[in-house]
Amino acid sequence: MPERKYGKEFGFNTRAVHTGNDVDKDSLAIKRPIVMANSYELPYDPTDINWSSAGKNLYTRNGGANQQYLQEKIASFEGAEDCVVLASGVGALSGLFFSLLQSGDHVIFSSVTYIAVYRLLNELFNNKFKIETSITDTTDLSAIEAAVRPNTKLIHIETPGNPTISISDIKAIAQIAHKNGALLSVDNTLASPFNQRPIELGADFSIESLTKYINGHGDAMGGSISGEKKYLDIIRAQAQINLGAVISPFNAWLIMRGSSTFPLRMRQHNENAILIAQYLESRKNISFVSYPGLKNHRGYKTAVSQMSPGFGGVLSFGIKGNKDKHNEFVSKLRLITSAVSLGHDTSLIAFLGANDERQYLYPEEFHNGFFRFSVGIEDAKDIIKDLDQALEKVGL
């Protein structure tokens with residue numbers, strides 16, 4: 001039976017089910033099996049092999065079967081020429097930075113980003129490799145223009161931004177980057193490629209923490225970088241093969257399994273999150289709600305222009321009360337779990353206190369501490385009921 005391919009002529013749901021999957025030639029199973037081997041048989045004459053090459057089944061650090069199947073699917077989701085899947089979202093971010101940046105290069109990055117990006121660019125790459133960095137409010141295009149230098153190599157943004165849910169204009173920033181000879185990378189984790197595809201908006205790279213929405217079940221870790229093959233070949237050689245940030249076959253298989261229901265889950269996340277945001281907005285003792293699907297969000301118009309069909313499942317909100325009141329509220333929740341991460345099937349909440357070292361980078365309403373809430377795929381009425389009873393129990 002010939003191998004089947006599922007390109008852009010097929011819809012997103014169809015590609016989520018079929019891309020990267022095929023009938024296994026040995027067992028005739030209709031799902032790709034887990035190939036747990038760490039080594040593959042060499043050809044008759046192996047003397048011409050480049051032992052640091054990628055793309056052929058040689059050694060799993062060079063790329064394994066399950067990784068390759070998953071890469072095909074993620075590239076399809078992103079509308080990208082190519083994709084490399086690594087061990088985690090942070091592995092993907094650090095792999096991109098390590099592979100493409102040289103000492104003396106300058107990077108502009110969003111003032112609201114995942115903490116690992118702040119660590120990598122504000123501290124580690126700056127101190128260890130003499131990479132120049134500028135923390136910039138990337139929701140402000142004039143601030144980006146002002147931050148550009150002759151040696152600016154990369155602009156890295158996160159939209160929506162974690163944890164304040166800020167929105168940056170991908171298309172406009174891509175134009176600024178390319179006008180100045182720089183590349184644009186977008187951490188797309190909070191939106192997911194179901195709601196937003198940065199490469200189609202002009203970005204050079206789209207990065208996903210596959211741990212989150214694409215896997216969706218809270219049981220596997222992985223990260224992806226999608227973009228042009230000429231750049232991804234560099235990242236494979238340096239970050240995957242020579243640094244060893246390879247994904248395990250089991251995690252690749254688990255994420256592949258989870259990705260089949262990815263579009264169905266995202267519809268539920270989108271639908272639930274807007275209902276929860278509207279509910280919280282209606283409560284008198286909620287100090288603020290940050291969700292790009294709300295018309296009063298600072299980035300609402302930009303979000304509408306680049307996100308479709310929804311705005312993702314993560315929102316932030318504050319309550320009127322001190323640290324003890326915040327912690328007491330979380331302790332009263334019964335359905336919603338206090339835990340890090342996001343994009344799981346279950347609703348997760350995390351209290352971020354006023355002692356966060358990056359508070360000075362956040363809008364003022366976040367300075368007294370706030371919640372990042374990853375809305376799950378439970379019935380929205382049950383999530384609201386849980387929030388309601390917890391707020392009532394703490395006098396809010």
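Odds and ends about this structure:
- Within region 290-306, the residues that satisfy the criterion of being surrounded by fewer than 24 Cβ atoms within 10 Å (Cβ to Cβ) and within 22 Å of the chain's Cα centre (by Cα) are 293, 294, 297, 298, 299, 300, 301, 302, 304, 305, 306.
- Note on region 331-360: among residues that are within 21 Å of residue 268 (Cα to Cα) and charged (D, E, K, R), the one that is surrounded by the most Cβ atoms within 10 Å (Cβ to Cβ) is 345.
- Identity of the residue in region 243-256, in contact (Cβ under 8 Å) with a residue 60 or more places away in the chain and part of a helix (DSSP H, G or I), that ends up farthest from residue 71 (Cα to Cα): 250
- Within region 5-19, considering residues that are modelled with pLDDT under 90 and closer than 18 Å to residue 71 by Cβ, the one surrounded by the most Cβ atoms within 10 Å (Cβ to Cβ): 6
- Single match in 84, 90 (criterion: modelled with pLDDT of 95 or more and part of a strand (DSSP E or B)): 84
- Among the residues of region 159-174, those that are surrounded by fewer than 24 Cβ atoms within 10 Å (Cβ to Cβ) and within 23 Å of residue 232 (Cβ to Cβ) comprise 171, 174.
- Residue check, residue 182 at pLDDT 95 or above, surrounded by 20 or more Cβ atoms within 10 Å (Cβ to Cβ) and not assigned by TED's automatic domain parsing to the domain that holds residue 346: yes
- Evaluated against (1) more than 19 Å from residue 199 (Cα to Cα); (2) free of Cβ contacts under 8 Å to residues at least 60 places away in the same chain; (3) of a type in the set (Ser, Thr, Tyr), residue 138 falls short on exactly one condition, (1).
- Counted residues, region 123-150 - those being farther than 19 Å from residue 162 by Cβ, among the acidic types (Asp, Glu) and exposed (fewer than 15 other Cβ atoms within 10 Å of the Cβ): 1
- Checked against the criterion of being part of a helix (DSSP H, G or I), in contact with a helix residue (DSSP H, G or I) (Cβ under 6 Å, 6 or more places away or on another chain) and not assigned by TED's automatic domain parsing to the domain that holds residue 341, the candidates 155, 144 yield just one match: 144.
- Check on residue 86, closer than 27 Å to residue 187 by Cβ, assigned by TED's automatic domain parsing to the domain that holds residue 250, among the aliphatic types (A, V, I, L, M) and surrounded by 13 or more Cβ atoms within 10 Å (Cβ to Cβ): yes
The values are calculated or read from the model by the stated rules, or taken from the named source; none is laboratory data. These numbers come from a predicted model, not from an experiment. As a convention, Cβ positions derive from the backbone with ideal geometry for all residues, glycine included, and neighbour counts pool all protein chains shown.
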